[in-house]
Amino acid sequence: MEHSRILQIFVFKLLQYYGPLRRSFSVKFSTIVFYFIIVFSSFFSGFFIRGFYGFSEMSEKELTNIVSITFSSVIAMGVFLGLKGGITALEPEIDFVLTSPVKPSTYLVADLLFQFFFLNFAVTPPLVSFMAVMLHPRLDFLPTVFLSYEIMLLLSSTIAQILGVLKSILKNVEVEAAGWVILLILFMPLLSMAIGLGVNYSDLPYPSTLLAKYSLDSLGNLETSVLLVYIVLIISSYFAVMRINFIPNVTPLLTTALMEMPSSNRRILKWAPRMFTQILSPNMNEKPMALVVKLNLLRVLRDGSLFTAMMLFAIATIANLSFPVLVRQFRFFALAALTFSILYTPLIPAIFSINWGIMERETLWTVAVSEKGFRRYVKGMLIAYFIATFSFALIFYSIFNILLAGTPFLVLDFLLLLSVTLFSSILSVATALVLNKPSNALSLSALLYVFIPLFGAVFLSMPTIIARTTISIADTPPPMIIFTLVSYTSLIAFLLSKYTLAKSETFFGRAPVERPLTKPFLKPQMQHRTNYWNYLLNFLTLASSILMVVSLIGFFPSQSDWEGKAYAPPLAVLTSIVLAASIFFQRKTAKQDDGEFLQQAPCNVPWKASQSLLILIIAMFLPAVLETPFLIFSLSTGMSIDNLTLLIVGEVAMMIPVLLYMVGRKISLSFLGLDSRSAMQEYKTALLALPLTVLTGVSAGMIIETLIPVPQWFEGLFQMFSPSSFTELVKLSLVTILIVAPCEEALFRGFIQQGFESSLGSRWGIVLSSIFFGAFHLNPWQFLPAFLVGIILGYVFRKRGYRLWCPIALHATYNVTLLVLNYVLGV
Amino acid sequence: MLQTRDECSGNTVLLNIEDLWKSYGETVGVAGLFMKVNSGSIHGLIGPNGAGKTTTVKCVVGLLKPDRGRIMVMGMDVKSGEGFKRLIGYLPEAPSLPDYLTPREFLGYVARIRGVEPGEETRRRVQEFLSMFELNDCENRFILELSKGLKQRLALATVFIHQPKLIIMDEPFIGLDPEGQRLVKSLVRDIVSKGGAALVCTHMLDMAERFCTNATIIHKGRSIAEGSIDGLKKIAGLESSGTLEEAFFRIVGGTEGGTL
């Protein structure tokens, strides 16, 4: 009975948090996108750190250090959640579940399950991929590290609940003090590394360190018993806590996670802001503008946004400063670390904006119904964010400068701080105005509020960063450079704030509910019945005709390859039979389709250039993400992976985001242009265009290779995909015809070009999608040929009424021609 | 739309809504609404849940952008500028207030951004409204710590602090004690007697009958009857001894079987 209750509450929590009701499609979609980006970036930060250590095996001490830092941060997360209330109750639960006759222990266990799930969902994939990179080549430790990590997560949720329950029944201050002490102890080694004292995690008997040692199989006997004592202590105090009869004062943790709401009984946090509060207290003589600035400053001070932001920012900075010590690159890097810490500054305004979205956004009716109220409010918000971020970041860095014993804070450091602060403040405000309300403070949608200012500010400050990291000018920059940087920064900041203020005009006009896309879009000219038989015929015709030509290679008398002589005749016979059959059946069906050919309709698709661009970026990321497990596997086992498998995984992965997007928005896939009508006419056109395509591609390739000589390593990479035997040639051709060409065409022509065309017109649509098609190959030697061929493919696509068959055929024949050339000439 | 003879035709029209349309995706909020609020009247906007009352009001104060239609406030088109906002006082259905301010700070802030003269004038009015709404005891506590009723009083104080001409209130008396209700009613009557007007959304019909002089009945996004309270009763075929509630059910039920 009790078990089923636990399960019910757990499922209710899951539905509440992840359920279908809460989010619009765009939020779900961006959630998936950002999830992948997080996994990807943690993977790469692993690689980055490994770059410092070297890729050979790390010493036991180093591994222990890294793993225990990760484990300690997991505990820290638990303590943080505990300090915020520890029970991840959502608002409806406080009103309904906690007032029902459910035992507190039942509810707590269900909540523990939820927290465990929630933390796993949020941090496990990125952390495990990070760990995998760090452990390489000792991947045999991965299972035990993973297991210990899961134990750590469970302990961390347990600690969160213990602290939370204690906080709800005891005095706030005591529990809070205890929590802060634990946090301080946990981060003490990191801090000591940052200021150069060099106490390591591996020297200390922390539970996280002991568990790390256990997972790396280096735990001594005494240490084992200490670890057991820790675990027994935590579990027994959890059982003690579970015996309480009711849980008072539960707050919606997920909503207020980044806040500290003011209250009369919270004196500890009150005295510090009081000083500022007195200066900021709005007096009645103020001009409205000054008043709005003051109010916004008061908000971030009193609702604890500034405090939380400073805490996270401090942890990020300490981690960053300890980094040079961790990777054994001492003093030399301290200065650079300080510089890069400046790049964390956007965390401060980002958290202001998250809390703004959660709480303040609802109260805006007061300003909205005053004349010019909201525009003035947004202006005030911009100024307040800038003042708060800049002054606090400056104070912070001054402290660190002193701790780092006098590394000079250069003019360019100051300028960098200024520009990052400026850009991130404006971007945070703009983000808050443009995005929907975050569903809660710890949700992935809130993460977007951090991502945009963080990456935006770093990106826009790039000129200053480059100047700062160029050693020759960093110390004494010429006045000209300072002048240029200052004018660049102020110009961009001016333009950005103009944009933000323009957004404030339309903020209230919007309908609160997003327009649901319930009716599937149908491409008007393609509303006839889908004939799957025709798809098969079209592909069979294409594959068999190309393979028939390929099989002819085997008949060349000069062929030295025995496979060719053996397999070519049967292949030729088989393909000609299939070709004849498929042409015969095509004739039958082609008649039915007569008369509705080639309407020169303008490009009209229900997605725009921005969506195309977004999907393109993910489509370029995703293959790498999906291929990495294979690469790790091959690196760790020494087995080489079939290059065909890699090719297929990469190409199919590329299509996933497009398909997800279209299915999610209920857009008919026929919009991509792969209809089921007969493609014979299309293939004829492709045949006509083939010589031009091959000529363009090959000559462009030759020109670029003479201009930029191809390096050795790249040739080796390219060799992977050039056939060495006849069977391999046939296999590669088949994959090209059936997978590579359709996938790439559906993505670049069907999705991206049409998206660009519908926003920017045909000419720019074709040119831009071809540029991306070239850039997608990620090297200069394929860029130019791919770009030019892309233009031809795009043009043909448009001319043939946005049907994909012709570009697919053209793409496939062009690629197979290259393969054959490679094979025959051995280039 | 059923309309009574305009009994106070000499008065100016303070609010005029013509053919207002607003939909949220597939759901229609308001579909072709017409209404007029004359100066000197307390105008009730009454209708069942989901009839479109709140949507209408939000369109008037500029929190929502209508899909179609024209809204004139004192001769100013709502779309063409923000000048009209100086003359209105607005209370939303469930007002949320900035938790981190104290009532005194909040009232001063609202007074200033709504154009009350700085300095002595603002200070005087803040003091006056704090004591009028009996918020003196908690003027230096955070709004977070106030009870729902006190928050409602504070929100109501912001409606009147800049002496608007047109008061727009969405369910003003929910969560308010009888004393507070009487205070708000007298403040509204005071403004109306000086040539202003009030638009009050409600579905509490007995209150509307006693408090309002005129009313518009809306149902499914359309206005189905408008006029003085007695006039509405006449439309429904009732004597003046009948209640507004009866009239409402007759009128709404006459168009189709609507329930409250």
Every residue in the range B:108-124 that is open to solvent by less than 30 Å² (accessible area, probe 1.4 Å), in contact (Cβ under 8 Å) with a residue 24 or more places away in the chain and either assigned to a loop (DSSP other than H, G, I, E, B) or more than 7 Å from chain A (Cβ to nearest Cβ) (or both), please. B:Ala111, B:Arg114, B:Val116
Can you tell me how many residues within the range B:79-94 are more than 7 Å from every other protein chain (Cβ to nearest Cβ) and surrounded by fewer than 22 Cβ atoms within 10 Å (Cβ to Cβ)? 6
Criterion (at pLDDT below 80 and within 30 Å of A:Tyr18 (Cα to Cα)) met by exactly one of A:Ser439, A:Ser424, A:Ser428: A:Ser439
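What is the residue count in the range B:180-219 for residues that are among the acidic types (Asp, Glu) and at pLDDT 90 or above? Even if it seems obvious, please write down each step before you answer.
So in the range B:180-219, the residues among the acidic types (Asp, Glu) come out as B:190, B:206, B:209.
Now drop any that are not at pLDDT 90 or above, which leaves B:190.
The number of residues fulfilling the criteria is 1.
The rows are residues; the columns are (1) at pLDDT 85 or above; (2) surrounded by fewer than 18 Cβ atoms within 10 Å (Cβ to Cβ).
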{"site": "A:Ile169", "(1), (2)": "no, yes"}
{"site": "A:Gly179", "(1), (2)": "yes, no"}
{"site": "A:Leu184", "(1), (2)": "yes, yes"}
{"site": "A:Leu191", "(1), (2)": "no, no"}
{"site": "A:Val199", "(1), (2)": "no, yes"}
{"site": "A:Pro207", "(1), (2)": "yes, no"}
{"site": "A:Lys213", "(1), (2)": "yes, no"}
{"site": "A:Thr224", "(1), (2)": "yes, yes"}
{"site": "A:Val229", "(1), (2)": "yes, yes"}
All conditions in (1) within 14 Å of another protein chain (Cβ to nearest Cβ); (2) buried (at least 20 other Cβ atoms within 10 Å of the Cβ) are true of B:Phe133 except (1)
Counting only residues that are open to solvent by less than 20 Å² (accessible area, probe 1.4 Å) and farther than 30 Å from B:Glu117 by Cα, how many does the range A:285-315 have? 7
Residues being in a helix (DSSP H, G or I), out of contact with any helix residue (DSSP H, G or I) (no Cβ under 8 Å at 6 or more places or on another chain) and buried (at least 16 other Cβ atoms within 10 Å of the Cβ): count how many of those fall in the range B:163-184. 0
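Closer than 30 Å to B:Asp99 by Cα and either away from chain A (no Cβ under 14 Å) or in a strand (DSSP E or B) (or both): which single residue out of B:Leu187, B:Leu232, B:Leu238 fits that description?
Numbers: B:Leu232 fails: closer than 30 Å to B:Asp99 by Cα; B:Leu238 fails: closer than 30 Å to B:Asp99 by Cα.
Going through B:Leu187, B:Leu232, B:Leu238 in turn, just one is closer than 30 Å to B:Asp99 by Cα and either away from chain A (no Cβ under 14 Å) or in a strand (DSSP E or B) (or both): B:Leu187.
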Anything in the range A:544-566 that is modelled with pLDDT under 80, assigned to a helix (DSSP H, G or I) and surrounded by 15 or more Cβ atoms within 10 Å (Cβ to Cβ)? List them, or say none. A:Ile553, A:Gly554, A:Glu563, A:Gly564, A:Lys565
List pairs: first residue in the range A:532-547 and over 14 Å from A:Ile739 (Cα atoms), second residue surrounded by fewer than 18 Cβ atoms within 10 Å (Cβ to Cβ) anywhere in the structure, Cβ distance under 7 angstrom, at least six positions apart or on different chains. A:Asn534/A:Thr589; A:Leu537/A:Phe585; A:Thr541/A:Ile583; A:Ser544/A:Val578
Filter the range B:148-162 down to the residues that are open to solvent by 30 Å² or more (accessible area, probe 1.4 Å), at pLDDT 90 or above and more than 13 Å from chain A (Cβ to nearest Cβ) and list them by number. B:Leu150
Residue list for the range A:104-126, filter: touching a helix residue (DSSP H, G or I) at 6+ places or on another chain (Cβ under 6 Å) and closer than 16 Å to A:Phe71 by Cα: A:Phe116, A:Leu119, A:Pro125, A:Pro126
Number of the exception - B:Pro66 against (1) more than 14 Å from every other protein chain (Cβ to nearest Cβ); (2) buried (at least 18 other Cβ atoms within 10 Å of the Cβ): (1)
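Please list, ordered by residue number, the helices (runs of 4 or more DSSP H) wholly in the range A:733-822 having 2 or more residues that are aromatic (Phe, Trp, Tyr) and within 27 Å of the chain's Cα centre (by Cα). Working first, answer last.
Details: elements: A:741-745, A:754-760, A:762-775, A:780-799.
Answer list for the range A:733-822: A:762-775.
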Name the residues in the range A:76-126 that are of a type in the set (Val, Ile, Thr) and open to solvent by 50 Å² or more (accessible area, probe 1.4 Å), would you? A:Thr99
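A quick yes/no check of all residues on (1) at pLDDT 80 or above; (2) out of contact with any Leu (no Cβ under 9 Å at 6 or more places or on another chain); (3) open to solvent by less than 70 Å² (accessible area, probe 1.4 Å):
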| position | (1), (2), (3) |
| --- | --- |
| A:Ala689 | yes, no, yes |
| A:Ala700 | yes, no, yes |
| A:Trp713 | no, yes, no |
| A:Ser722 | no, no, yes |
| A:Cys743 | yes, yes, yes |
Return only the number of the condition from (1) open to solvent by less than 10 Å² (accessible area, probe 1.4 Å); (2) within 24 Å of A:Arg299 (Cβ to Cβ) that B:Ile46 does not satisfy. (2)
Which one of these does B:Lys22 not meet: (1) more than 10 Å from chain A (Cβ to nearest Cβ); (2) assigned to a strand (DSSP E or B)? (1)
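The values are calculated or read from the model by the stated rules, or taken from the named source; none is laboratory data. Note that the structure is a prediction, hence the values are computed from the model and not measured. Cβ atoms come from the backbone with ideal geometry, glycine included; neighbour counts cover every protein chain shown. Side chains included, ligands, DNA and RNA excluded: accessible areas come from the protein's heavy atoms. Shrake-Rupley method; radii C 1.70, N 1.55, O 1.52, S 1.80 Å.
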